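Only the coordinates and a few stated rules stand behind these numbers; no lab work does. As the structure is a computational prediction, the values presented were derived from the model and not from experiment. Cβ atoms come from the backbone with ideal geometry, glycine included; neighbour counts cover every protein chain shown.
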Amino acid sequence: MRRIARWSRSLASLVVLNAALVVAGVGAGSLAYALNGEPTPQGHTAVPEMPGRTYSGHMSAILTGNLRVVGGLLTGACTLGVLTTLTLVWNAFGLGYGVATLANAVPGAIPLVLRYAPLEFAAFVLVASVAEHLVALVLRCLAANEPLRLRSATLTFVVALVLLVVGAAVEADVTRLVATPHSSHGGSHDIVDALAAG
C-alpha cells in the first residue's frame, strides 16, 4: 500500500502510467479494427468538410470537443480516478480504431493526423494525471492532515491547456489544408492522393 501511496505522490509517475494506458488503448483500438473493422475500399478518400465555418470557428469547435474530454477526465476525480482512467482509455481506444480506419482508407493522411493527435493526447494524459494526483492529495489531506500542495498540479494543468490550444490550431489547419480545393491541383483529393503516393 505504501508503494501505491508513493506512486500517487509523484505526478511524473502518474504521467508515465497514463501514457502507458494510452499506448495500450491505441493498440487495443487498432487491434479491434483489425479483427472486426469493415475494410474501406481503396481509393476512397474521406475528406473532412468545414461547411460554413471559418478557421477560427473550426478551431473553436475542436477545442470545445477536447475541453469536454478534459471535463470528463476531471470529473472522474469524484470517482477516485476510476472514471478518469476509463475516459482516457476509451478515448485512446477511439484514436487507435480511427487511425486504423484511416490507415486503411487513406494511408497518406496518417502524417497529417500525427501533427496534432500526439499534442492532444499528451494534454489528456497530463489532465488525467492531475485529476488522479488531486484525488491522492485530498485523500492524504483528509487521512493524514497533510497540506495540499497544488503548484505542480496547477503548472501541469496549464501546460495541458496550452497543448490543447496548439493541438486544436494544428488540427484546424490540417483540416483546412485537406478540405480546401487548390486551383492548380484537381482539388483536396489530390492532396491526399499525393500524400499517399509520396
Checked the stretch 80-124 with the C-alpha gyration tensor, a ≥ b ≥ c its square-rooted eigenvalues, rounded below a/c of 1.5, otherwise prolate if a/b is larger than b/c and oblate if not; verdict oblate
Taking 0.36 nm per residue of separation between ALA144 and ASP173 and subtracting their Cα-Cα distance, the length gained on full extension comes to 5.5 nm
Label model pair LEU67, THR54: point-to-point distance (7 angstrom along the Cα→beta-carbon line) in nm is 1.8 nm
A correct Karplus calculation of ³J(HN,Hα) over the stretch 66-76, with 6.51 cos²θ - 1.76 cosθ + 1.60, θ = phi - 60°, whole Hz and x for Gly and Pro, returns 5, 5, 5, 5, 4, x, x, 5, 6, 4, x
Applying the gyration tensor rule to the Cα atoms of the stretch 50-179 (axes a ≥ b ≥ c; rounded if a/c under 1.5, else prolate if a/b exceeds b/c, else oblate), the class is prolate
Along principal axes, largest first, the alpha-carbon spread of the stretch 76-151 in whole Å comes out as 55, 22, 11
Counting Lys and Arg as +1 and Asp and Glu as -1 over every other residue whose Cβ sits under 13 Å from the Cβ of GLU120, the net charge comes to +1
